[in-house]
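In what follows, a structure is listed as structure tokens, so that the remarks can point back to it.
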Amino acid sequence: MLTDHFGRSIEYLRLSVTDRCDLRCAYCIPEGFKGFEEPAHWLGFDEIERLLGLFARLGLKRIRLTGGEPLLRRDITGLARRLAALPGIEDISLSTNATQLGRMAADLKAAGVSRLNVSLDSLDPATIARINGRPVLADVLAGLAAASAAGFAPIKLNMVVMEDNAREVDAMVDFCLEQGYVLRLIELMPMGDTARRMGYVDLQPIKRRLQRRFGLVDTLFPGGGPARYLGTADGRFSVGFITPLSQHFCATCNRVRLTVDGQLHLCLGQDARMDFRSLLRSGATDDDLVAAIQQAMALKPERHEFSEQPEKLLRFMSMTGG
Ligand code: SF4
């Protein structure tokens, strides 16, 4: 097993297959941003398959495809199929803004993607235009319908809660109850100036209010991510809380992130990283890469410092894929 200095088993890798996106969420990529990674620096599918194959040999079990917006990467279903076939890999999931999902859901399912997380910060077109920078509600809802039709269930909806949309949480809860989606409420992390400009909202009071409203109890939910779930006793409704600031989950961290240009980030909230693109393109053997993976685990920080040093991180969420 891959284990870090704090005894945590690392069995989950979030793979960013592009840093580009068709949205401009106000807490992520700023309008007019031009500093995207050079395509020549993007890891190719052979490089990704080779490297993650070695990670799998060392105990990696789960891969999540992220971005930017992963569905913008050409032949993403081909990559999903190749990663799903890697010995040792038990689960391929994907996080998307769903604007392209309508035409791709069935192919993703057939390629071996087992679980979907869809980002949706509001059901109000005006709020969506303000927060996500594009009028995409209809496309997202069409994408969700296509994903359900393709057999994805349950689908998780990720709502980043901030001052601008906090009053819309109940409407999103009602929507998920009605549609059978699993809602996950996420605290804003100070990733880059864009996120720091948006008003952070502590989720604990919202959690207590929903607990009272629905009589929610602690519940478990498959997936291996950081969310803490509450649910109704009859199991009809579950809501997850991802609270990196008000109640962090670093003690049980099980993940690392690989960026589109082959940088392995050991922690979302820190700058510790290792450059695998240079290794892959300078003739490193499999043994060299395995040694580098194990060295990288030793670099993994204990936790983030989002509260202590909110100014620390310059990169946007889209650069590491959340
Ligand atoms: S902030 Fe870093 S240590 Fe904490 S859960 Fe995220 S990746 Fe793990």
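Can you figure out the FRET efficiency of ALA126 with ALA272, using R₀ = 41 Å and their beta-carbon distance, to the nearest 0.05? Let's see the in-between values first.
Details: r = 40 Å, r/R0 = 0.98.
Step by step, r from the Cβ atoms, then E = 0.55.
I want to check the label-to-label distance for ARG57 and SER9. Put each point 7 Å from Cα in the C-beta direction and report it in nm to one decimal.
Placing both labels 7 Å beyond Cα along the Cβ direction yields 2.1 nm.
Can you pull the one-decimal nm distance between simple spin-label points at ARG103 and SER282, each 7 Å off the Cα toward Cβ?
4.1
What full-extension length gain, to one decimal in nm, is calculated for GLU308 and ALA84 as 0.36 nm per residue of separation minus the Cα-Cα distance?
76.7 nm
Here is the link list: LYS34/LYS312; LYS61/LYS300; LYS109/LYS312; LYS61/LYS109. Which ones come out longer than 29 Å on Cα distance?
Correct reply: LYS109/LYS312.
Rounded to whole Hz and in sequence order, give me ³J(HN,Hα) for region 285-292 from the Karplus expression 6.51 cos²θ - 1.76 cosθ + 1.60, θ = phi - 60°, writing x for Gly and Pro.
Karplus-based 3J(HN,Hα) across region 285-292 equals 7, 4, 5, 4, 5, 4, 4, 5 Hz.
Could you pull out which residues in region 49-92 have an amide N less than 19 Å from a spot 7 Å beyond the Cα of LEU299, following the Cα-Cβ vector?
The answer is 51-56, 58, 60.
Taking the alpha-carbon set of the chain, what are its Rg and Dmax in Å?
18.8, 59
For ASP234 paired with GLU163, estimate the spin-label separation in nm (one decimal), with each label point 7 Å from Cα along the Cα-to-Cβ line.
3.9
Heavy atoms only, probe 1.4 angstrom, no DNA, RNA or ligands counted: give me THR232, THR219 ranked by accessible area, highest first.
Result of the area sort, largest leading: THR219, THR232.
Please list the non-local residues whose amide H lies under 5 Å from the amide H of GLU69, H modeled 1.01 Å from N, same-chain partners needing a gap of 5 or more.
ARG20, CYS21, ASP22
Leaving ligands, DNA and RNA out of it, rank THR66, THR3 by accessible area with a 1.4 Å probe, largest first.
From most exposed to least exposed: THR3, THR66.
So how strong a dipole does the chain carry about its Cα centre when Lys and Arg Cβ are +1 and Asp and Glu Cβ are -1, to the nearest 20 debye?
It works out to roughly 440 debye.
With a cut-off of 8 Å between alpha carbons and a minimum separation of six or more residues, what is the relative contact order of the chain in percent?
About 22 percent, as a whole number.
The values are calculated or read from the model by the stated rules, or taken from the named source; none is laboratory data. All of these numbers come straight from a predicted model, not from anything done at the bench. So basically every Cβ, Gly included, is an ideal-geometry build from the backbone, and we count neighbours across all protein chains shown. When the accessible area is computed, the model is the full protein with side chains, heavy atoms only, and any ligands, DNA or RNA have been set aside. Shrake-Rupley method; radii C 1.70, N 1.55, O 1.52, S 1.80 Å.
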